[in-house]
1. Let's test the formula: R0 of 41 Å, r as the Cβ-Cβ distance of A78 and A52. What FRET efficiency results, to the nearest 0.05?
2. Each residue of the range 69-82 in turn: what ³J(HN,Hα) in whole Hz from Karplus with 6.51, -1.76, 1.60 and θ = phi - 60°, glycine and Pro shown as x?
3. Give me the number: length gained by fully extending L8 to R71, i.e. 0.36 nm times residue separation minus the C-alpha to C-alpha distance, one decimal in nm.
4. Once phi is turned into ³J(HN,Hα) by the Karplus curve 6.51 cos²θ - 1.76 cosθ + 1.60 with θ = phi - 60°, what whole-Hz value does each residue of the range 40-51 show in order, with x for glycine and proline?
Amino acid sequence: MEEPRDFLSGLIVGGLIGAAFGLLFAPAAGERTRERLRRQSEEWGTRAREQADRVAERVRETAGTVAEQVRERADEFATKARSSADEVIKRGRDTFDEKTDQLRRAFEDGRDSARGRSRERRTPEGSEG
């Protein structure tokens, strides 16, 4: 992409230099030639400033567009990240609750089983009947 721009820059600079030499060596009086050079350089300066302003405006517009796209992508990413994090947290809580319930049931079953055996041991064998 740099080559066309370099070529164009070289073409413009070469044209300006050629025009300046053409004016310098043209068969006209020195003062008249200097006046033409002055006017021409002012015109080129004005054109260059206008072109620079147009380029700067395009750069500002492009930068604004790029910045907006970056903001939109960042917002999308943040939303997806939040959604994924919420989902992971929910799954973690569900799993935790499930395992807690399983552990509680196992504990209660073990406790009940231990209590049942304790009662069996406390009652004399021949007194039941």
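Every number in this text was worked out from the coordinates using simple rules, so none of it is lab data. No experiment lies behind these values; they were computed from the predicted model shown. All Cβ positions, even for glycine, are placed from backbone atoms using ideal geometry, and neighbour counts span all protein chains on display.
1. 0.60
2. Result, rounded to whole Hz: 5, 5, 4, 4, 5, 5, 4, 4, 4, 4, 4, 5, 5, 4.
3. This chain segment gains 19.2 nm when fully extended.
4. 5, 5, 5, 5, 5, x, 5, 4, 5, 5, 4, 5
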